[in-house]
Every structure is written in structure tokens, then in C-alpha cells.
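The values are calculated or read from the model by the stated rules, or taken from the named source; none is laboratory data. What you see is a predicted model, and the numbers here were worked out from it, not measured in a lab. Methodologically, a virtual Cβ is constructed for each residue, glycine included, from the backbone with ideal geometry; neighbour enumeration extends over all protein chains shown.
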There are 2 protein chains.
Amino acid sequence: MRDLKTQVDQANEEALRIVLSGRPVLVDVRPAIDVVPGMSRNTILHSAPPIEWRDMCGPHRNGVLGAILWEGLADTPADAEAMIENGDVLIEPCHHHDTVGAGTGITSASTPMLVVENTAHGNRAFSCLSEGGGLELLKWGCYDQKIADHLSWQAEVLGPTLKSAIEAVGGVDVKNIISKAVQMGDECHNRSIAANSLFFREIAVALLDTASDRKTLIDSVTFLTEADQFFLHGIMAAAKSMLNPAAGTEFSTMVTAMARNGVEFGIRVAGLGDTWFTAPANHVEGLFFRSEWGPDDAAPDLGDSSITETIGLGGFIQAAAPSVQSYVGGSMQQAIDNTREMATVCIGANPEFPIPALDFSGAPVGIDIRKVVKTQTAPLIDTAITHRDKGLIGAGQVRTPLACFEQALKAFARQYATS
Amino acid sequence: MRDLKTQVDQANEEALRIVLSGRPVLVDVRPAIDVVPGMSRNTILHSAPPIEWRDMCGPHRNGVLGAILWEGLADTPADAEAMIENGDVLIEPCHHHDTVGAGTGITSASTPMLVVENTAHGNRAFSCLSEGGGLELLKWGCYDQKIADHLSWQAEVLGPTLKSAIEAVGGVDVKNIISKAVQMGDECHNRSIAANSLFFREIAVALLDTASDRKTLIDSVTFLTEADQFFLHGIMAAAKSMLNPAAGTEFSTMVTAMARNGVEFGIRVAGLGDTWFTAPANHVEGLFFRSEWGPDDAAPDLGDSSITETIGLGGFIQAAAPSVQSYVGGSMQQAIDNTREMATVCIGANPEFPIPALDFSGAPVGIDIRKVVKTQTAPLIDTAITHRDKGLIGAGQVRTPLACFEQALKAFARQYATS
């Protein structure tokens with residue numbers, strides 16, 4: 001019989017092989033109620049890990065209330081809050097529905113979802129349409145009539161328009177776009193401007209054919225050409241679709257999800273099923289977009305977007321996107337050092353995401369909780385900074401807490417020591 | 001009275017200030033006959049320096065014949081050649097008409113031209129529309145019915161469509177696009193995919209409004225989204241428009257043009273008027289696109305596209321575009337070393353083209369013939385490889401000959417030693 005270490009190493013190789021063999025293709029845009037597993041008319045999803053309503057951070061609370069109003073489930077915030085307290089609204093993490101949401105991750109029945117199919121493994125994952133640029137979005141816990149109108153336009157006009165264009169081109173190969181974008185200065189988390197341009201180029205001709213009318217076409221193209229981070233949500237859904245098939249790989253210590261709810265940071269591990277291992281979320285270091293804002297205004301780390309780091313993007317490939325260093329006053333050497341440091345906690349490298357500045361060596365990928373704990377090296381995440389009440393106020397980077405990796409490793413030892 | 005060295009240093013600072021203060025804006029697309037100074041119905045332009053018909057390389061000869069046929073000046077290649085030998089066709093370098101052409105640079109009366117205005121200095125420069133991708137283009141000396149039809153479509157359909165869109169957006173700021181593209185892995189000579197995407201995004205909405213009909217719109221968007229190097233020609237015209245106002249700066253040893261006609265390499269120097277200083281063109285080292293092709297098939301270095309290096313792009317900022325190293329089997333360190341080496345022959349740095357991999361230090365810019373000769377460091381040019389008859393067969397990099405810099409420096413000494 002093989003020793004545990006050998007079993008784990010082999011399981012990790014297999015888990016990583018599953019991730020790297022994924023072929024995420026953006027195949028559809030549909031309302032959440034039609035496609036997201038377990039969705040109901042009165043379900044509101046939020047960025048993981050799970051958290052009780054009473055414990056939620058400001059952006060989550062405000063975002064959930066906004067979504068209840070937008071869905072027409074309640075007429076006032078007070079009514080919405082009463083519904084929550086009466087249990088008339090179900091509040092659940094995106095990750096429990098094969099979904100990932102940036103920032104608050106607020107997703108409700110009518111939210112138009114990017115549907116990404118991992119064609120190599122036959123599973124699907126989802127993320128809402130990006131609302132575009134701006135400091136005040138539902139994504140950041142904001143809600144007013146203007147935001148509501150924009151969400152409705154996305155649901156009623158942009159979503160169906162994109163759906164038709166994406167179907168017309170036979171789906172969009174997300175991994176191919178990521179691979180090219182990494183050659184173009186995107187780390188695909190805090191910066192995805194190249195990915196967005198490549199996506200737009202890919203569907204531009206189809207949009208001309210499929211848009212229902214001239215105003216729809218002009219409004220959609222205007223939105224898509226101005227929203228620099230639009231495709232981040234496609235990349236996130238692709239990441240989730242690549243990681244999900246590896247979840248449940250027995251004996252594997254590979255991380256399959258990292259997510260933050262503005263209070264706690266949580267991870268899931270391939271060999272440990274659906275359990276979340278959590279620790280208090282850290283504060284993000286970085287650049288505040290206005291001089292009036294500072295660290296005291298910020299909510300702790302928030303959002304499912306760290307799914308990008310979980311497949312070796314974002315903070316793991318800062319060396320591919322030195323522009324992102326501008327948020328943290330770093331240097332090219334620091335970016336390279338950070339990527340090399342992340343390689344020390346990873347199982348392997350991804351030849352499909354080669355890093356130009358490292359002579360096209362593959363991005364480090366597949367976080368091994370053993371290595372994180374042994375080296376006491378906390379994974380690095382590029383991310384936004386959200387105000388503790390609501391609104392986007394900055395961007396930068398944050399380390400994961402180590403405690404959740406330590407808990408996970410203890411649980412792993414308990415589960416597998418006797419097997 | 002100041003000594004000559006001080007006068008030259010000050011003149012070079014002034015010449016470089018003129019270049020860096022340029023604001024190139026793509027303002028129009030028009031047939032060459034309408035906008036290019038000194039153009040006539042029977043003029044054919046080619047990439048500089050000047051060269052007699054009998055001495056031209058294969059791609060130039062074939063390109064000139066093709067243009068005569070496309071313009072309807074002759075019905076057969078034999079008739080076209082007879083016209084040339086009778087002096088019924090004027091063959092002149094693009095550079096003598098404020099124009100730059102990639103590859104053969106073949107430009108005739110009906111060629112649709114990108115019109116770039118340097119709004120800071122009030123001058124204009126021109127470059128033909130890119131024919132798009134492909135190994136067989138007039139740009140590479142090829143001509144047949146398919147190529148003729150495509151050129152006619154560009155002249156009759158794409159040109160007017162782009163003109164309307166560019167006017168609708170009030171012109172396109174080319175320097176802004178270059179600056180962003182350099183952050184996205186383009187060195188803006190052998191690679192301008194990001195610049196092209198950014199350009200397309202900027203005019204996409206306007207195209208929807210201004211295209212004359214649905215087929216025009218679809219054909220134009222299809223072409224623009226597929227032609228990865230389309231905007232190189234806009235960048236070239238911008239470079240020419242930035243350099244021209246510095247030409248004639250007395251006492252300046254700054255290079256204002258570098259161009260190759262497949263036989264000779266030539267430079268112009270700010271303080272030496274319109275004189276070309278030439279030496280035999282070198283062969284390009286690089287990657288041949290098919291195994292059947294090798295160095296023996298290649299024409300020597302060809303095209304005006306080295307105007308990009310003349311403003312500090314291309315081979316001067318390889319550190320910004322490590323992907324381009326794939327043509328020459330280089331490494332990131334080699335790319336960085338090359339950029340640092342080019343800095344040793346330059347007057348200054350361009351803060352508007354910061355290089356991410358060098359912690360955003362500015363691109364080296366403004367070639368000083370004194371430094372080239374003193375250090376015996378030949379400027380490095382990224383470029384295509386053309387077949388000695390016709391056709392694109394590869395891409396790579398080439399050093400300029402040193403002899404033309406040495407001749408220019410001697411001429412400079414003669415002209416200014418007694419002043």
C-alpha cells in the first residue's frame with residue numbers, strides 16, 4: 001500500500017490534470033432562474049463563504065436589500081428586511097449554486113447570467129453580467145433607481161443580445177482569451193482590459209446580425225466597448241467550471257475555491273468535499289480612488305473573484321501584468337518575486353497561461369494546502385476595495401489568512417490518517 | 001560663443017522636445033490623390049530611400065507594376081514596364097511625400113490613406129490602409145485579381161466608411177493608443193494587436209452610425225476585427241507626423257527617418273536637411289513562416305516601417321513586448337538588454353511610452369548619430385521578412401548598417417565645423 005504522502009501527491013496531480021484539461025466555453029446568457037441550479041424566485045445569492053444575515057457586512061446587506069427591491073419582492077427596504085427575518089427570502093452563497101459573483105456577488109432570479117460550459121467535463125458554471133465601470137453598482141452594495149434601470153436593461157436587452165451573438169459564433173473559448181490576454185498585460189482579475197477587447201472582437205460581427213434593433217445594437221456596443229472589466233465575470237465563471245470537476249478528488253489537498261464575504265475568508269479543498277474552512281478576512285492594501293477615503297472606510301476582503309487566483313491568475317501572475325503594481329506602489333521585480341513566491345505553494349504550472357516576463361514559463365497553479373502551511377506562505381489576491389457600507393473605493397492586493405489552511409490541513413489529517 | 005558640442009546637445013534637446021510634444025490624431029481617410037502632397041495620377045510611391053527602377057528589388061518591381069495595373073494606367077505588366085521606361089510613370093519614395101509605407105510601401109493615386117494630423121505642430125503625414133493579414137499582398141509585392149479586388153474594396157468601401165467613423169468621433173488620438181498598447185505587450189511594429197483592438201473599440205459605435213449599409217458595416221467590422229496589424233499603419237503615419245517638424249533643426253544630430261528599399265538602408269538627420277545617407281541593407285534574422293523558406297529566399301531589409309523605431313518603438317522597446325522574441329528565439333532578458341542597449345544611442349526617454357518590465361521607465365527615443373558611431377551600436381529594428389521576388393515569408397529583427405551613420409556624421413562635421 002502506498003504511503004499517504006504518495007497518495008496525496010498522486011491525487012493532487014490528478015486534481016490539477018482535471019483543472020488544466022478543462023475547456024471553458026461561454027455558451028449562453030440566461031436569467032438565473034432558468035439556469036442556476038437550485039435557484040428560486042425568492043433566492044438571493046451572495047459571495048461565499050456562507051454567512052448569516054445578521055453577521056453580514058454593509059455591502060452585502062445593502063446589496064441583498066437592493067436585489068429584493070429590484071426583483072419586486074418588496075416595496076421598501078424595511079419590507080425587504082422583514083421578509084428576510086421572516087425567512088421569506090432565502091440567502092445563500094453563489095458557490096453553493098455553481099456560481100461566482102464579484103464584490104457582493106448579489107445574484108437574484110432575474111439576473112442575467114453568463115453560462116460557461118466546461119466542454120471537456122460536461123459541467124456548467126455561472127456568473128452575472130458585469131454592470132460595467134463605476135463606483136456605485138449593486139456589485140458594490142449600492143442600489144437606487146438608476147442602478148435598478150441599468151440592471152433591468154441588462155436583463156431585458158443586453159442579456160438576450162449577448163445570448164444571440166454568443167450562440168451565433170458557436171460559443172466563445174474563454175481559455176483561449178485568457179491565454180492571449182496574459183500576453184497582453186492582463187492578470188485577469190484587477191485588469192482584464194485585453195480580455196475584454198478580445199471578447200468584443202470575437203462577437204462584434206455576430207452582434208451586428210443578431211441585435212434586435214438599431215438602438216439595442218448601439219447601446220450594447222457602447223456598453224461593451226466602455227466596460228473594461230466586463231469579461232472578468234466570464235473568466236470567473238470559466239475558473240469555477242474548471243475547478244468544480246476536481247472537487248471531490250479523494251486524497252487531494254488542492255484548493256478548489258477561495259472566497260470572501262467581507263467578514264470571513266473561506267476555502268474548499270478537493271479531498272474535503274463541500275466543507276468551508278474559514279478565518280477572519282484581511283483588509284486589502286492598495287490605492288484609494290479618492291483622497292477622502294482610507295483604510296478605516298474599507299470593508300474587509302470581499303467577493304468570489306479570488307476564484308481567478310484559484311486557477312493561477314490574478315495575484316499569482318502579477319509578473320504578467322506589471323500595470324497592476326500601480327495600485328500598491330510595487331515594481332516589476334516585486335511582481336516577479338510575488339509570482340515566484342506563489343509557485344512555492346502550487347502543485348504545478350499552466351503551460352496554457354505562459355508569462356512573458358518569465359520567458360513564457362507557465363503560471364503557477366493549483367494551491368496545495370500542505371505547502372501553504374509548511375512554508376507559511378499566504379496566497380496573494382489582487383482585488384477591489386469596498387466601502388464598509390457600500391461602494392467601490394479602491395483596488396490593491398491582500399493575503400489570505402493562514403488559519404483556514406491550517407484548519408483544512410488538520411481536517412484532512414483527521415479524515416485521511418486512518419484511511 | 002558656445003562650443004559645437006554644446007550647440008549640438010542643445011539642438012538635440014530641442015529636436016527631441018519637438019518630437020515628444022507631437023499630438024498625432026488620425027483625422028481622415030482619403031485617396032492619396034486628394035491629400036498626399038505632390039501626388040499625381042501617374043505617380044507610384046515606394047518605401048525609401050530613393051532608388052532607380054532598374055536597381056529595385058523584386059517586391060518593389062512587382063509592387064510598382066501591380067499598382068500601375070490597379071490604377072488602370074496599363075493593361076499588362078509589359079505595358080506597365082514600358083511606361084516606366086518611357087518616363088510616363090513617376091516613381092518616388094513615400095518619404096518625399098510626407099508618407100510612410102510598410103513593406104514595399106506601394107502607394108498610388110487611388111490608394112486610401114490614413115491622414116494623421118500632428119495637432120501640436122499643424123503638419124500632416126500619411127500611410128495607406130493596411131491590406132490586413134496574409135502572405136500575398138501588394139504590400140509584399142504581390143498582385144492578382146483577388147488582391148486588386150480587395151484594394152478596390154478598401155478604396156471604395158472601407159476607406160469612406162472609416163473616414164465617416166473617424167470624423168464622427170472627432171479623430172482618434174494615436175499617441176494615447178500607442179501608450180496603452182505598450183502596456184499591453186505591443187512594441188507597435190511587429191506586434192500591434194492591442195493597438196488594433198483599442199482603435200476598433202474607439203470607432204465601433206461610430207461605425208454603426210456611419211456605415212452606408214448593412215453589408216458595408218458587416219464587411220468592415222469583419223475586416224477590422226480580423227486584421228491584427230491594421231493600426232500599424234496609423235502608428236507609422238503618427239510617427240512620421242511627429243518626426244517631420246524636427247527635420248531641419250540646425251545643429252541637431254537626431255535621426256528623423258530610417259527606411260529601407262530592399263537594397264539600401266537610409267537615414268535622414270535633423271540638422272542635415274533632406275539628404276539620405278545610405279548603405280547596403282542587411283538581411284533580417286528571424287522566423288520563416290514555412291519550412292520551405294530560408295535566408296536565401298529573402299530580400300534584404302525592406303520598408304518605411306522603421307519609422308516606428310525612429311520614435312522609440314519596435315526594436316527599441318522589445319522589453320515591452322516579449323512575445324516578439326518568439327521570432328528570434330530570444331528571452332525576456334535579451335529583450336531587456338536590447339532596450340537598454342538602444343538607450344545608449346538615444347538622446348532621451350519618452351515618459352508617454354513607459355515600459356512595464358522596466359518599472360515604467362520611458363522608452364529610449366531620439367537616435368543620436370554621434371552615439372551610434374561612437375559606441376558602434378547599430379539600431380535594432382523589428383521587421384518582416386519579404387521574399388526576394390514577392391510575398392511575406394517571415395518576421396524577425398535586423399541591425400541597421402553603421403556606414404550610413406558614419407557618412408552622416410562626416411557630412412555633419414563638414415557642414416557645421418566652419419559655422
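Exactly one residue out of A:Arg124, A:Arg54 is of a type in the set (Lys, Arg) and surrounded by 16 or more Cβ atoms within 10 Å (Cβ to Cβ): that is A:Arg124.
Scan the range A:323-338 residue by residue and report those that are surrounded by 24 or more Cβ atoms within 10 Å (Cβ to Cβ) and either under 21 Å from A:Lys240 (Cα atoms) or in contact with a strand residue (DSSP E or B) (Cβ under 9 Å, 6 or more places away or on another chain) (or both).
Looking only at the range A:323-338, we keep the residues that are surrounded by 24 or more Cβ atoms within 10 Å (Cβ to Cβ), and these are A:324, A:335.
Answer for the range A:323-338, where residues must be surrounded by 24 or more Cβ atoms within 10 Å (Cβ to Cβ) and either under 21 Å from A:Lys240 (Cα atoms) or in contact with a strand residue (DSSP E or B) (Cβ under 9 Å, 6 or more places away or on another chain) (or both): just A:Val324.
Return yes when B:Gly185 is under 25 Å from B:Gly303 (Cα atoms) and buried (at least 22 other Cβ atoms within 10 Å of the Cβ) and no when it is not. Considered against the rule, which asks whether it is under 25 Å from B:Gly303 (Cα atoms) and buried (at least 22 other Cβ atoms within 10 Å of the Cβ), B:Gly185 comes out as yes.
Please go through the range B:300-315 and give me each residue that is part of a helix (DSSP H, G or I) and closer than 18 Å to B:Arg340 by Cβ, ordered by number. Residues satisfying the conditions are B:Glu309, B:Gly314, B:Gly315. Any residue at all in the range A:236-247 that is crowded, with 24+ Cβ neighbours inside 10 Å, in contact with a helix residue (DSSP H, G or I) (Cβ under 7 Å, 6 or more places away or on another chain) and over 30 Å from A:Ile18 (Cβ atoms)? Within the range A:236-247 (the criterion being crowded, with 24+ Cβ neighbours inside 10 Å, in contact with a helix residue (DSSP H, G or I) (Cβ under 7 Å, 6 or more places away or on another chain) and over 30 Å from A:Ile18 (Cβ atoms)), the answer is no, since none of the residues qualifies. Yes or no: A:Leu243 assigned to a helix (DSSP H, G or I) and more than 14 Å from chain B (Cβ to nearest Cβ)? The answer is yes for A:Leu243. Could you tell me whether A:Thr256 is among the polar types (S, T, N, Q) and more than 10 Å from chain B (Cβ to nearest Cβ)? For A:Thr256, the condition - among the polar types (S, T, N, Q) and more than 10 Å from chain B (Cβ to nearest Cβ) - is met. Identify all residues within the range B:9-39 that are basic (Lys, Arg) and assigned to a helix (DSSP H, G or I); write none if there are none. Across the range B:9-39, the qualifying residue is only B:Arg17. Within the range A:359-373, the residues that satisfy the criterion of being away from chain B (no Cβ under 14 Å), surrounded by fewer than 23 Cβ atoms within 10 Å (Cβ to Cβ) and either out of contact with any strand residue (DSSP E or B) (no Cβ under 9 Å at 6 or more places or on another chain) or within 20 Å of A:Gln397 (Cα to Cα) (or both) are A:Arg370, A:Val373.
When the range A:1-37 is filtered for residues that are exposed (fewer than 15 other Cβ atoms within 10 Å of the Cβ), within 30 Å of A:Ala168 (Cβ to Cβ) and touching a helix residue (DSSP H, G or I) at 6+ places or on another chain (Cβ under 8 Å), only A:Pro37 remains. Looking only at residues of the range B:326-358 that are more than 9 Å from chain A (Cβ to nearest Cβ) and among the hydroxyl-bearing types (Ser, Thr, Tyr), we find that the one that is nearest to B:Arg17 (Cα to Cα) is B:Thr344.
Is it the case that the range B:407-419 has a residue that's of a type in the set (Phe, Trp, Tyr), surrounded by fewer than 20 Cβ atoms within 10 Å (Cβ to Cβ) and touching a residue at least 24 places away in the same chain (Cβ under 8 Å)? Step through it out loud before you land on a result.
Of the residues in the range B:407-419, the ones of a type in the set (Phe, Trp, Tyr) are B:412, B:416.
The next check asks that each one be surrounded by fewer than 20 Cβ atoms within 10 Å (Cβ to Cβ); those that pass are B:416.
Filter again for touching a residue at least 24 places away in the same chain (Cβ under 8 Å), leaving B:416.
Within the range B:407-419, one or more residues are of a type in the set (Phe, Trp, Tyr), surrounded by fewer than 20 Cβ atoms within 10 Å (Cβ to Cβ) and touching a residue at least 24 places away in the same chain (Cβ under 8 Å).
Report, by residue number, each residue of the range A:43-66 that is within 21 Å of A:Asp149 (Cβ to Cβ) and either free of Cβ contacts under 8 Å to residues at least 60 places away in the same chain or more than 19 Å from the chain's Cα centre (by Cα) (or both).
First, pick out the residues of the range A:43-66 that are within 21 Å of A:Asp149 (Cβ to Cβ): A:44, A:59, A:62-66.
Residues satisfying the conditions are A:Asn62, A:Val64, A:Leu65, A:Gly66.
Regarding B:Asn190, is this residue more than 8 Å from chain A (Cβ to nearest Cβ), more than 26 Å from A:Leu207 (Cα to Cα) and surrounded by fewer than 24 Cβ atoms within 10 Å (Cβ to Cβ)? Here the answer is no, as B:Asn190 does not meet what is asked. Check the range A:254-266 and report whether any residue there is in contact with a His (Cβ under 7 Å, 6 or more places away or on another chain) and on the phi > 0 side of the Ramachandran plot. Looking through the range A:254-266, at least one residue is in contact with a His (Cβ under 7 Å, 6 or more places away or on another chain) and on the phi > 0 side of the Ramachandran plot.
Of all the listed residues (B:Asp296, B:Asp219, B:Asp228, B:Asp209), the sole one being out of contact with any strand residue (DSSP E or B) (no Cβ under 9 Å at 6 or more places or on another chain), more than 14 Å from chain A (Cβ to nearest Cβ) and either under 27 Å from B:Gln183 (Cβ atoms) or not in a loop (DSSP other than H, G, I, E, B) (or both) is B:Asp296.
Screening B:Gln318 with (1) in contact (Cβ under 8 Å) with a residue 60 or more places away in the chain; (2) outside any helix (DSSP H, G or I); (3) within 14 Å of chain A (Cβ to nearest Cβ) gives one miss only, at (2).
Name the single residue, out of those in the range B:148-175 being within 14 Å of chain A (Cβ to nearest Cβ) and not hydroxyl-bearing (Ser, Thr, Tyr), that is farthest from A:Val182 (Cα to Cα). Step through it out loud before you land on a result.
Of the residues in the range B:148-175, the ones within 14 Å of chain A (Cβ to nearest Cβ) are B:161, B:165, B:168-169, B:172.
Next, from what is left, pick out any that are not hydroxyl-bearing (Ser, Thr, Tyr): B:165, B:168-169, B:172.
Working: B:Ala165: 30, B:Ala168: 33, B:Val169: 30, B:Val172: 26 Å.
The qualifying residue farthest from A:Val182 (Cα to Cα) is B:Ala168.
State whether one or more residues within the range B:380-399 are among the hydroxyl-bearing types (Ser, Thr, Tyr) and surrounded by fewer than 24 Cβ atoms within 10 Å (Cβ to Cβ). I'd like the intermediate steps shown before the answer.
Step one: of the range B:380-399, the residues among the hydroxyl-bearing types (Ser, Thr, Tyr) are B:383, B:386.
When the remaining residues are screened for being surrounded by fewer than 24 Cβ atoms within 10 Å (Cβ to Cβ), the result is none.
Looking through the range B:380-399, none of the residues is among the hydroxyl-bearing types (Ser, Thr, Tyr) and surrounded by fewer than 24 Cβ atoms within 10 Å (Cβ to Cβ).
Only a single item in (1) touching a residue at least 40 places away in the same chain (Cβ under 8 Å); (2) buried (at least 16 other Cβ atoms within 10 Å of the Cβ); (3) within 24 Å of the chain's Cα centre (by Cα) is not met by A:Leu69, and it is number (3). Every test in (1) facing chain B (nearest Cβ under 9 Å); (2) under 12 Å from A:Ala320 (Cα atoms); (3) surrounded by fewer than 22 Cβ atoms within 10 Å (Cβ to Cβ) is passed by A:Ser179 save one, and that test is (1). When the range A:151-194 is filtered for residues that are charged (D, E, K, R), touching a residue at least 24 places away in the same chain (Cβ under 8 Å) and within 28 Å of A:Ala363 (Cβ to Cβ), the ones remaining, listed by number, are A:Asp173, A:Lys175, A:Asp186, A:Glu187, A:Arg191.
Cβ-Cβ distance below 6 Å, separation of 6 or more or different chains: which pairs start in the range A:28-40 with a residue that is within 18 Å of A:Ala238 (Cβ to Cβ) and end on one that is of a type in the set (Phe, Trp, Tyr)? The qualifying pairs are A:Val36/A:Phe126.
Would you be able to say whether some residue in the range A:78-99 is modelled with pLDDT of 95 or more, farther than 27 Å from A:Ile267 by Cα and buried (at least 23 other Cβ atoms within 10 Å of the Cβ)? Within the range A:78-99, none of the residues are modelled with pLDDT of 95 or more, farther than 27 Å from A:Ile267 by Cα and buried (at least 23 other Cβ atoms within 10 Å of the Cβ).
Output the number of residues of the range B:193-202 satisfying the condition of being surrounded by fewer than 22 Cβ atoms within 10 Å (Cβ to Cβ) and more than 9 Å from chain A (Cβ to nearest Cβ).
Residues of the range B:193-202 surrounded by fewer than 22 Cβ atoms within 10 Å (Cβ to Cβ): B:200-202.
Filter again for more than 9 Å from chain A (Cβ to nearest Cβ), leaving none.
Number satisfying all stated conditions: 0.
Please determine whether any residue of the range A:336-353 is among the polar types (S, T, N, Q), under 30 Å from B:Asp186 (Cα atoms), free of Cβ contacts under 8 Å to residues at least 40 places away in the same chain and out of contact with any helix residue (DSSP H, G or I) (no Cβ under 9 Å at 6 or more places or on another chain). Checked the range A:336-353: no residue is among the polar types (S, T, N, Q), under 30 Å from B:Asp186 (Cα atoms), free of Cβ contacts under 8 Å to residues at least 40 places away in the same chain and out of contact with any helix residue (DSSP H, G or I) (no Cβ under 9 Å at 6 or more places or on another chain). Within the option set A:Ala319, A:Ala281, being modelled with pLDDT of 95 or more, buried (at least 22 other Cβ atoms within 10 Å of the Cβ) and within 18 Å of the chain's Cα centre (by Cα) holds for one residue only, A:Ala281.
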